[in-house]
1. Note down the nm distance, to one decimal, between modelled labels 7 Å out along Cα→Cβ at Ser157 and at Leu21.
2. Between Lys219 and Ala111, what length comes free when the chain is fully extended (0.36 nm per residue of separation minus the Cα-Cα distance, one decimal in nm)?
3. Any idea what the relative contact order of region 133-217 is, in percent, if you count C-alpha pairs under 8 Å spaced at least 6 apart?
4. Given region 140-255, what percent of its DSSP beta bridges are antiparallel, to the nearest 5?
5. Counting C-alpha atoms alone, how compact is region 133-270: give Rg to one decimal and Dmax as a whole number, in angstrom.
6. Looking at this model, which pairs from Lys5/Lys143; Lys5/Lys242; Lys242/Lys271 are more than 30 angstrom apart at the alpha-carbon?
Amino acid sequence: MSSPKTVDDLLLNIARDFEALPPQLQSIASYLERQRANIMVQRINEVAEGSGVHPSAVVRFAKRFGFSGFRELQSVFRSNYTDTVTPTRSYQQRVRQAIADGHAMGSAEIARRFIDASRAGLDELAGDFDNKRFNTAVDLLVKAENIYVVAVRRTFSIASYFVYALQHTHKRVHLVSGLGGMYHEQIRSIGRNDVLVAISFPPYGRETLYCSRVAQQHKAHVLAITDSALGPLGSEARVTLKVSEGSAFGFRGLASTICLCQSLFVALAYKLELKLEETSHPGGYDD
């Protein structure tokens, strides 16, 4: 078996064989897709740690796709990216160099690093933007009788905002908050003509994955907002919109995800031909 010559060819081969891979190799495949901009500067131990596997599994993965080992696989990523292509990669190199140099950072510099990381994530979102997938996602929302939105922990704020925005339309919108542990009760009414917007990133929220399974069992459409089309959420969704957030000091941002959700709402509102007054604030509550 000859090894792929480009990253795109490698990812096509991975997608073709993904279901047949053992769980450990599936984890590596998902990690490579999420981190394709960074693999060229990562060590094998970092890839293994990010994938949740032993380094020997990374070597097995490389050989599974025709490479002699990890270094040869990594060379494909290196040959595909130049210094001017990927802001995320150069950012990661700068952070590593700062740590290696023992450079003490002030509060303002830390803030700038987070700003740079968010900007890199937005650049990647724009560079990898899939017009067809986005249009399909908007069409699903247009046709939906009910829109359910679920996300947990760090992405719960995104789900809450998205529901707030969608409630400015005439759609029936439901936030699956799990209040009182009632995920089962809140998602059980989803049906064939409904859409579940599921937002999750590694480590994937088990509550979100549960709601996705229920939606599929009830013949509803799942719109996944996640980092990988190969992961447990994206692989089963009707439409997957991929987001790779920038990160700094081990903390991933939310800027790209909120930007994508805002774009979905505005595109939906445009499709529904909402008038200005329909999206304006209705005024205060009565005493």
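Read the figures in this text as sums done on the coordinates, not as results from a lab. Everything quoted here is computed from the prediction, not taken from an experiment. Note: ideal-geometry Cβ built from the backbone for every residue, glycine included; neighbour counts use all protein chains shown.
1. Between Ser157 and Leu21, the simple spin-label model gives 3.2 nm.
2. Working: separation 108, 0.36 × 108 = 38.88 nm, distance 4.47 nm.
Separation in residues times 0.36 nm, less the Cα-Cα distance, equals 34.4 nm.
3. Details: 106 pairs, mean separation 32.2, N = 85.
Across region 133-217, relative contact order equals 38 percent.
4. Numbers: 2 of 19 bridges.
Bridges in region 140-255 are about 10 percent antiparallel.
5. Cα-based Rg and Dmax for region 133-270 come out at 13.7, 43 Å.
6. Lys5/Lys143
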